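Colleague: Please read through the structure below; I'll follow up with questions.
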Amino acid sequence: MKRMIASISAATAVALMTGAPAQAAPADPVKALKSQFVPGKGVKFADLTTMIEDGEGKPYLRRAGSFQFGRGGIVASDISSKSSGAADEGSTLSVSGRTIRVGTTSYSQGGTYRDQMPRGKSWYKDPDGMTGGVDGWFSQLVNVAEPATLASLLKGAKKTRTTYSGTTTFGRLAKVSPWFRATLPLRSSDKTVVTFKLTVDRNRLPQRLTTSFPVTGIFDSTGWEGKTISVETRFTGWGTKVSIKAPPANKVTTKLEDRDGV
């Protein structure tokens with residue numbers, strides 16, 4: 001009996017020291033991503049857009065934001081943007097802006113809407129609005145926090161230990177990505193090629209994504225020929241608590257005034 005008790009005690013001690021076997025992270029990045037879809041949890045990200053012309057790159061736009069997840073994926077986003085460098089030189093963009101999106105409804109503040117707000121209002125509501133306002137056209141069009149989008153990129157991509165690289169097109173993204181359709185609802189060509197490189201962390205979750213595409217894929221007009229948009233996105237804080245809510249109703253408007261306030 002003493003020997004039996006000693007054996008049980010020894011086994012218990014070993015179990016306490018070693019702990020339960022660690023659960024391995026999913027080898028498939030898509031499965032790893034889906035494992036993050038817990039209500040009230042999410043991820044943070046930061047974008048840097050560079051405008052490239054004649055081989056020279058200039059900072060164009062910086063963004064910081066977060067995604068809130070539900071059981072089926074992204075349920076809300078909050079993105080702040082600030083133009084810089086090339087964008088400040090006769091910019092298409094305004095200095096800064098913020099867009100909160102809950103479901104498919106977006107609330108935009110500042111940016112191109114700054115001078116069009118009625119008195120006492122600071123947010124423009126669009127029931128089927130863009131993910132990042134007008135600034136989103138010049139930012140990250142590829143959302144690897146969407147399982148279908150991530151799976152589409154990985155299919156046929158060149159793979160190393162933690163990196164996937166390849167190409168896709170605006171047309172393919174439009175088919176699989178609600179984010180892309182809401183970010184770039186109007187575009188000059190679905191044949192535009194997007195080159196990408198995705199690095200995943202040790203848990204197989206997206207860590208860094210770089211994409212590049214010609215600006216002419218967005219605007220079919222002179223003045224943009226030869227220019228390329230390159231965007232780097234870094235993800236941090238997978239599984240952290242994220243709570244995104246619509247702005248106060250008394251600060252929201254669905255009507256904009258023209259530049260003269262008429």
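Colleague: Accessible area of SER212, 1.4 Å probe, to the nearest 10 Å²?
Modeller: Result for SER212: roughly 30 Å² accessible.
Colleague: In nm, give the distance between the simple-model label positions of THR112 and LEU186, each being 7 Å from the Cα along the Cα-to-Cβ direction.
Modeller: Result: 0.8 nm between the two label points.
Colleague: Rounded, prolate or oblate: which fits the stretch 31-141, taking a ≥ b ≥ c as square roots of the Cα gyration tensor eigenvalues, rounded meaning a/c under 1.5, else prolate when a/b beats b/c?
Modeller: Taking the square roots of the gyration eigenvalues as a ≥ b ≥ c, the stretch 31-141 is oblate.
Colleague: Across every pair of different alpha-carbon atoms, what Kirkwood hydrodynamic radius in Å does the stretch 111-262 reach?
Modeller: The answer is 17.6 Å.
Colleague: For ARG98, ARG161, write out the residues from largest to smallest accessible area, computed with a 1.4 angstrom probe and no ligands counted.
Modeller: Listed by decreasing accessible area, they come as ARG161, ARG98.
Colleague: Between LYS44 and GLU257, what is the label-point separation in nm under the 7 Å Cα-to-beta-carbon projection?
Modeller: For GLU257 paired with LYS44, the spin-label model returns 3.7 nm.
Colleague: Would you please classify the overall shape of the stretch 141-220 from the alpha carbon gyration tensor, given that a ≥ b ≥ c denote the square roots of the eigenvalues, rounded means a/c under 1.5, and beyond that prolate means a/b larger than b/c while oblate covers the rest?
Modeller: Because a/c hits 1.5 or more and a/b exceeds b/c, the stretch 141-220 counts as prolate.
Colleague: Give, to the nearest whole percent, the P(r) tail of the stretch 195-262 beyond 19 angstrom, counting all Cα pairs.
Modeller: 66
Colleague: To the nearest 0.05, what FRET efficiency results for LYS31 and LYS241 with a Förster distance of 25 Å applied to their C-beta separation?
Modeller: Once rounded, the FRET efficiency stands at 0.65.
Colleague: Working from the alpha-carbon coordinates of the stretch 113-167, get Rg over Rh, Rh being the Kirkwood radius.
Modeller: Result: Rg/Rh = 1.22.
Colleague: Next question. SER106's amide H: which non-local residues (gap 5+, or another chain) put their own amide H closer than 5 Å, with H modeled 1.01 Å from N in plane and none for Pro or chain starts?
Modeller: ASP126, ASP128, GLY129
The values are calculated or read from the model by the stated rules, or taken from the named source; none is laboratory data. All values derive from a computational prediction rather than experimental measurement. Heads up, the Cβs are rebuilt from the backbone with ideal geometry, glycines too, and the neighbour counts pull from every protein chain shown. The area values use the complete protein model at the heavy-atom level, side chains included, leaving out ligands, DNA and RNA. Shrake-Rupley method; radii C 1.70, N 1.55, O 1.52, S 1.80 Å.
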